[in-house]
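S.K.: Have a look at this one before I ask anything.
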Amino acid sequence: MSSVKLAPSILAADFARLGEQVAEAAEAGADRIHVDVMDGHFVPNLSMGAVVVQSLRRVTPLPLEIHLMISDPDFFLDEFVAAGSDSFLVHWEGNNNLHRTVQRIRTLGKRAGVAINPVTPASVLDEIVQDVDQVLVMTVNPGFGHQQFIRTTLPKIGRVRELVDRRNAGCDVEVDGGIDATTAPLVVRAGATVLVAGSAIFGDDNGVATAMQRLRTACNEIEEEILQRS
Ligand code: DX5
Ligand code: ZN
C-alpha cells in the first residue's frame with residue numbers, strides 16, 4: 001500500500017467531459033482533485049473559478065484542493081468555500097499577510113497550505129510551517145500545464161522535508177509541475193508525499209486509468225527501494 005498520494009490536476013482535462021474524467025481518476029485511485037485557479041495577474045494565464053468547483057462538488061466525493069494562483073486570495077475564499085472546496089494552497093510570493101490568509105482558511109474550517117515557486121527558498125516556510133496542513137513546492141513556474149520539471153528544485157524538496165519533519169511532522173509535502181513516471185521517483189526520494197500531475201494523467205493517449213497506474217507503479221517501486229535501503 002503506497003503512502004504517496006496522487007492529486008490529478010484538472011487543468012489538463014478535457015473540459016467538455018470534466019465530470020467523466022474526474023470519475024475515471026477517482027476510479028483509478030486518485031486521492032484528491034487539484035484545481036488550478038489563475039487570474040491573469042499573479043500568473044500570465046487564465047483558468048477557472050468557483051463555478052467549476054461547484055459543478056465538481058456535485059459529482060465527486062474526493063477532496064477538492066484549490067491552488068490559488070491569484071493576486072488577492074483572501075477576496076475569493078468565501079466563494080470557493082461555498083462552492084464546496086476542501087483545502088486551499090496559497091502562495092508565499094506576493095502575500096504580505098500570509099499568516100492572516102492561513103488563519104482565515106482555518107477559521108473557515110478548511111485545510112491550509114502554502115506554495116512556493118521554484119526559486120523561492122525553503123527557509124521562507126520557517127515561520128508558517130507549524131500553521132499549515134500542507135506545503136507545496138512548485139517544480140515548474142506556475143501558470144501553465146505541461147512544462148518541463150525543474151531539477152534544481154529537488155534539493156529544496158529535501159530541505160522542505162527536513163523542516164516539516166522537525167516542526168510539523170503531520171504536514172504534507174506536495175509537489176506540482178512536470179510530474180510523470182520519470183520524475184515521480186525523484187521527488188518521492190527527495191521527500192514528497194503528495195504528487196500533483198496534470199498532463200501525465202489527463203494527457204496520456206492510453207487513458208486516465210493507465211496513466212494513473214503507471215504513476216502509482218513508479219511511486220510504489222521507489223518506496224519499496226527506499227524501504228529496503230533503510
Ligand atoms: C501549474 C499548475 C499545475 C499544472 C501541472 O501552474 O499549478 O498544477 O496543472 O501540470 P503538469 O502536470 O502538466 O505539469
Ligand atoms: Zn497547481
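Derivation of every value follows stated rules applied to the coordinates shown; laboratory data play no part. Remember, predicted model here, so these are calculated numbers, not experimental data. All Cβ positions, even for glycine, are placed from backbone atoms using ideal geometry, and neighbour counts span all protein chains on display.
S.K.: Determine the relative contact order of the chain: mean sequence separation of Cα pairs under 8 Å and six or more apart, normalised by residue count, in whole percent.
M.R.: Computed over the chain, the figure is 21 percent.
S.K.: Next question, about the same structure. For segment 142-230, what class follows from the C-alpha gyration tensor (a ≥ b ≥ c being the square roots of its eigenvalues): rounded when a/c is under 1.5, otherwise prolate if a/b is larger than b/c, else oblate?
M.R.: Verdict is oblate for segment 142-230.
S.K.: Oh, and also: What does the highest-first list of 60-68, 31-39 look like by mean Cβ count within 10 Å?
M.R.: 31-39, 60-68
S.K.: Then there's this: Starting from the Cα of Arg106, step 7 Å along the direction of its Cβ; do the same at Ile226; then give the gap between the two resulting points in nm.
M.R.: For Arg106 paired with Ile226, the spin-label model returns 2.6 nm.
S.K.: Okay, moving on. Enumerate by residue number the GluC sites (Glu not before Pro) in segment 125-230 meeting two conditions: DSSP loop (anything except H, G, I, E, B), and at most 15 other Cβ atoms within 10 Å of the site's Cβ.
M.R.: Hits after loop and neighbour filter: Glu127.
S.K.: Quick one: of the DSSP bridges fully inside segment 28-114, what percent are antiparallel, nearest 5?
M.R.: So the antiparallel bridges in segment 28-114 amount to around 5 percent.
S.K.: Using a Gaussian network for the chain with springs between C-alpha atoms less than 10 Å apart, which of these wobbles most: Gly19, Gly170, Gly49?
M.R.: Largest GNM mean-square fluctuation: Gly170.
S.K.: On to the next question. Looking at the chain as a GNM with Cα springs under 10 Å, which of Ser55, Ser85, Ser199 has the largest mean-square fluctuation?
M.R.: Ser55
S.K.: Count the DSSP beta bridges whose two residues both fall in the chain, then state the antiparallel fraction as a percent rounded to the nearest 5.
M.R.: 5
S.K.: As an exercise, identify the trypsin sites (Lys or Arg not before Pro) in segment 89-151 lying in DSSP coil whose Cβ has no more than 16 other Cβ atoms within 10 Å.
M.R.: Taking segment 89-151 and a limit of 16 other Cβ atoms within 10 Å, the loop trypsin sites (Lys or Arg not before Pro) found are Arg151.
S.K.: A follow-up question, please. I'd like the distance between the alpha-carbon centres of segment 54-102 and segment 178-230, rounded to an integer number of Å.
M.R.: Here the answer is 25 Å between Cα centres.
S.K.: In nm, what is the difference between 0.36 nm times the number of residues separating Thr217 and Asn96 and their Cα-Cα distance?
M.R.: 39.5 nm
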